[in-house]
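Please read the structure below before turning to the comments.
The values are calculated or read from the model by the stated rules, or taken from the named source; none is laboratory data. All values reported here derive from a predicted model rather than from experimental measurement. Please note: Cβ atoms are built from the backbone with ideal geometry, for glycine as well, and neighbour counts cover all protein chains shown. To get the accessible areas, we keep the full protein, side chains included, count just its heavy atoms, and leave off ligands, DNA and RNA. Shrake-Rupley method; radii C 1.70, N 1.55, O 1.52, S 1.80 Å.
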Amino acid sequence: MKEELILPQCHYPWPTIPSPIANAFDDEEKAWYDNDYTFISEEGIKRCKPQFLSRVATYMNPTCDSMDRMRPCARLMIYITIFDDFFGMTPANELKIMADRVYEVMMGQDPHEDEIGILRQMATARKEWLANGMPQYWIDRVSINFYEFIMYGMMEEIPFKQAENRKYPLLAHYLSFRKYSIGMWPYGDLIDPSVNYALPVHIYNHPIIQRCRELLSLIIVIQNDFASLKKELEIESESLNIIFILRHQYKISYQEACTEAMKLHDAYAQELDDLHQSLPDFGPFQEDAYNHVYHIKLQISGCADWYYNSGTSRYEHRAFIVPQYGREGDDIVIPHSIFIKE
């Protein structure tokens, strides 16, 4: 008999703010799929559309009311997610070539006509950011962070995703690469165009700001693992979820693993809140630094709001696309299960 599991929900000691343009890109998003994501199957495109990935951008950056400033952010939310979904099983040598090309396009090169459309989305977003006044040093920043998402995140997941038998990393190892593969370093960069102010390099590089950005990633890792647990419990080969890792490493039940993961999540959230209230003296940039960390917190609560309230189908029956190099059976089907109560 299966263990009954009650999934906890994430809560934060700061508010969740609704976006005034929350669903504004729904129609544009469908056109982007139809025009630039044709390298995935027709069925894959059909599955992507009700995921409402553009809403991740608006929910996570809820103080932005500008369609122009938010549009390239919505593009990034989609192209980083689809990149991860589709190329997650790609061999390391091919993934490195792709990472180099993505970096070139994000930094300024235009894609060739015969290259896949996701690169057109990246080039278009870069041009829109520049047209909206974002400085080159910010373009450098988001490009490097996207490159590291692939190289330090996706690349490090390959030994576990491609293992013949299920293989678990230790928790410390998992968090060291999952904080990159969750994509929150470039997601966090979207605060700057959303608020129409690029944080200066010396403020951005300060270890306290960098720790706040790391906490953004670590908290969203746990958020995401809770959100995807129902789906991943039905995948025989899946190991890259903090609940599975805690259960395996410490020989505890699923419910106990959920409790331990939530304790870690809440400790990270409290640390972020404490750091926000005790920032060092940034001189004339004090308000800017405070506002940036404030928006990191809004990204976290906004992402949880997207999971719970946006209407996304991402974690439902037959919602994911089949990855390139996907194996027979990777077409994910989640049978009805009473295993989880939400």
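Tabulated data
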quantity	calculated
Any hit, segment 40-51, residues being at pLDDT 95 or above, out of contact with any strand residue (DSSP E or B) (no Cβ under 8 Å at 6 or more places or on another chain) and of a type in the set (Ser, Thr, Tyr)	no
All helices (runs of 4 or more DSSP H) inside segment 67-138 with 3 or more residues being on the phi > 0 side of the Ramachandran plot and touching a Phe, Trp or Tyr at 6+ places or on another chain (Cβ under 8 Å)	none
Single unsatisfied condition, Lys263 versus (1) of a type outside the set (S, T, N, Q); (2) over 23 Å from Ser301 (Cα atoms); (3) surrounded by fewer than 17 Cβ atoms within 10 Å (Cβ to Cβ)	(2)
Among (1) surrounded by 15 or more Cβ atoms within 10 Å (Cβ to Cβ); (2) modelled with pLDDT of 95 or more; (3) part of a helix (DSSP H, G or I) - the single one Ala198 does not satisfy	(3)
One residue from Pro280, Pro323 being part of a loop (DSSP other than H, G, I, E, B), open to solvent by less than 50 Å² (accessible area, probe 1.4 Å) and modelled with pLDDT of 95 or more	Pro280
Residue match in segment 5-22 (condition: closer than 20 Å to Ile116 by Cα and among the polar types (S, T, N, Q))	no
Search result, residues across segment 108-129 that are within 16 Å of Ile144 (Cα to Cα) and either small (Gly, Ala, Ser) or surrounded by fewer than 17 Cβ atoms within 10 Å (Cβ to Cβ) (or both)	Gly108, Gln109, Ala123, Ala125
Which listed residue is surrounded by 14 or more Cβ atoms within 10 Å (Cβ to Cβ), more than 12 Å from Met77 (Cα to Cα) and polar (S, T, N, Q), from Asn35, Asn61, Asn23	Asn23
Some residue of segment 204-212 being part of a loop (DSSP other than H, G, I, E, B), under 30 Å from Trp129 (Cα atoms) and either acidic (Asp, Glu) or out of contact with any Ser or Thr (no Cβ under 9 Å at 6 or more places or on another chain) (or both)	yes
Hey, Arg47 open to solvent by 10 Å² or more (accessible area, probe 1.4 Å), within 14 Å of Gly302 (Cβ to Cβ) and either assigned to a helix (DSSP H, G or I) or in contact with a Pro (Cβ under 6 Å, 6 or more places away or on another chain) (or both) or not	no
Single residue of segment 286-320 satisfying the filter (closer than 30 Å to Asp189 by Cα, part of a loop (DSSP other than H, G, I, E, B) and not polar (S, T, N, Q)) that is modelled with the highest pLDDT	Gly311
Tally of residues being hydrophobic (A, V, I, L, M, F, W, C) and under 16 Å from Leu5 (Cα atoms) across segment 246-269	6
Residue that is nearest to Gly153 (Cα to Cα), among those in segment 218-253 that are assigned to a helix (DSSP H, G or I) and of a type in the set (Ser, Thr, Tyr)	Ser228
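Per-residue answers, yes or no, for (1) under 19 Å from Leu246 (Cα atoms); (2) out of contact with any Gly (no Cβ under 9 Å at 6 or more places or on another chain); (3) free of Cβ contacts under 8 Å to residues at least 40 places away in the same chain:
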site	(1), (2), (3)
Gln162	no, yes, no
Ala172	yes, yes, yes
Ser176	yes, yes, yes
Tyr187	no, yes, no
Asp192	no, yes, no
Val195	no, yes, no
His202	no, yes, yes
Ile209	no, yes, no
